[in-house]
Amino acid sequence: MQFIHRIVEKLIKESLFQGKIIVLYGARQVGKTTLAKKILADFDSQSGYFNCEEVSAQNGLAVADSDALSAFLGNHKVIVLDEAQYIPDIGRKLKILADTFPKMQIIATGSSSFELADKTAEPLTGRALHFTLYPFSYEEITASGHLFTADEDIEKILRFGSYPEVFLLPEKQALERLNALSGAYLYKDTLRFDDLKKSGLVRDLLKLVALQLGQEVSYNELAKELGVSRQTIRKYLDVLEQSFVIFTLHAFARNLRNEVKKSVKIYFYDTGIRNGLVQNFQPLRLRDDIGALWENYCIAERQKWSANHSRTVNAYFWRTYGQKEVDYVEEEGGQLKGFEFKWNPKKKARIPSEFVSVYGAEYSVINTSNYRQFLA
């Protein structure tokens, strides 16, 4: 099976042995372990890999003592602590290792930034560099020569997504794997928190969000539908976002009185996961949600592209109470750019004159005839 090169690999390798711990985030099954082991392979016997979900690693890293930690990890040049959030007090232990063994390069991975970042934030201040690995991006796929040579290629990824374990599989096996991923396994880390133990609620919440793809989401309506508090909905969605299952766009509002200000849209990092939640893998010609799928795909890919190229932007959507809207807004260096997503190149979009004139913003319509320029 051909290996698809991950762009973040280059960024990580350029950061090795700079006196910083490397922290690699990403959802479960997104390829963190594969990437970490690929980096370790460059160092052969000088490298060490530790799966922190295993009891042996948890016991070996149980004591926050430099001698004990050194004795367990050994005399390696590079070590990987995979799923490091499973180690109690991991932040303090990483700080001890960084301070005591500055020549040892430590790479810690985690599938929940909510937990791992919280545990490492204060102890590792100034001592760590953070990277995120996503499902295969458009840029990574095209560089490998796998996709985007015909219309059926983009259809495949909109239906089944681009998780590494799914992407290269035939349709039947891809469906089976997606059903497993979109079940409890993908949000396994969510259920590790003491007050987030309702797997049924997580599943039902994700399904409701998936059915509202491309629409503004009301926390109050979600809470009413599921019979829980608004606070509970916010808490679950926050952890799901920090586990890299979903991401949120907030409304952009600065100058106009009729702008929607307190509203959010929720998208999925992978369209295959979204389709698995609603159990709809039909061909695009038979679907009534193709517009929302296309919008989700383009925005998620733009998020990946920005992260892979260390590009920091503020991302929003924009709408007025008069129903004038922009699907996606980026703010970078004080400049605003607005984008509208249309699956059908023949379908026209109305230019939101208020948004363009008031904010001096650029505006583009992204469809299947020009999306390559937007995603690469």
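A few notes on this one:
- Axis of helix 290-308 versus longest Cα principal axis of the chain: the two differ by about 40°, to the nearest ten degrees.
- Cβ-based charge dipole, the chain, positive-most Cα from 144, 239, 219: 219
- Spin-label pair residue 290-residue 230: with each label point 7 Å from Cα along the Cα-Cβ axis, the two points sit 3.8 nm from one another.
- At an R0 of 25 angstrom, the distance between the Cβ atoms of residue 362 and residue 212 translates into a FRET efficiency of 0.30.
- Net length gained if the chain between residue 89 and residue 310 were fully extended (0.36 nm per residue, minus Cα distance): 76.7 nm
- Assigned charges on the beta-carbon of Lys, Arg, Asp, Glu; the chain dipole about Cα centre (debye): 640 debye
- Spin-label model, residue 169/residue 3: points 7 Å from Cα along the beta carbon direction are separated by 2.2 nm.
- Within the shell of other residues whose beta carbon sits under 12 angstrom from the beta carbon of residue 209, the net charge comes to -1, with Lys and Arg scored +1 and Asp and Glu -1.
- Put simply, the C-alpha atoms of the chain give a gyration tensor, and the ellipsoid matching it has half-axes of 37, 23, 22 Å, longest first.
- Scaled radius of gyration (Cα, divided by 2.2 N^0.38 Å) that the stretch 321-376 gives: 1.16
- Backbone phi angles across the stretch 245-257, fed through the Karplus curve with coefficients 6.51, -1.76 and 1.60 (θ = phi - 60°), yield HN-Hα couplings of 8, 10, 9, 10, 10, 9, 5, 8, 8, 9, 10, 8, 5 Hz in residue order; Gly and Pro are listed as x.
- Each label was represented as a point 7 Å from its Cα along the Cα-to-Cβ direction; for residue 279 and residue 376 these points are 3.8 nm apart.
- With a Förster radius of 35 Å applied to the C-beta separation of residue 58 and residue 250, the computed FRET efficiency comes to 0.35.
- Efficiency of FRET between residue 18 and residue 100 - r from beta-carbon atoms, R0 25 angstrom, step 0.05: 0.90
- Under 14 Å from the residue 201 label point (7 Å along Cα→beta-carbon), backbone N, the stretch 216-246: 222-240
- Computed extension length for residue 44-residue 143: 32.9 nm, one decimal, from 0.36 nm per residue of separation with the Cα-Cα distance subtracted.
- The angle separating the long axis of helix 171-180 from the principal Cα axis of greatest extent in the chain is about 70 degrees.
- Note on residue 261: lysines with a C-alpha under 27 Å away, same-chain residues under 8 apart excluded, are 207, 224, 235, 304, 324, 337, 342, 348.
- Over the stretch 250-320: Kirkwood hydrodynamic radius from C-alpha pairwise inverse distances, Å: 14.2 Å
- Close amide H pairs (under 5 Å, H built 1.01 Å from N) link residue 132 with 25, residues at least 5 positions away or on another chain.
- Relative contact order, percent, the chain [alpha-carbon distance under 8 Å, six or more residues apart]: 15 percent
- Proxy reagent accessibility, fewest Cβ within 10 Å first, across 359, 219: 219, 359
- 355, 17 arranged by Cβ crowding within 10 Å, fewest neighbours leading: 17, 355
- Bridge type composition, the chain - antiparallel percent by DSSP, nearest 5: 40 percent
- Helix axis angle, 199-211 relative to the chain longest principal axis, alpha carbon, degrees: 40 degrees
- With the convex hull drawn around the C-alpha atoms of the stretch 7-132, the volume per residue stands at 92 Å³.
Just so you know, all these numbers are worked out from the coordinates, no wet-lab data involved. Not measured: the values here are computed from a predicted model. Positions of Cβ are backbone-derived with ideal geometry, glycine not excepted, and every protein chain shown enters the neighbour counts.
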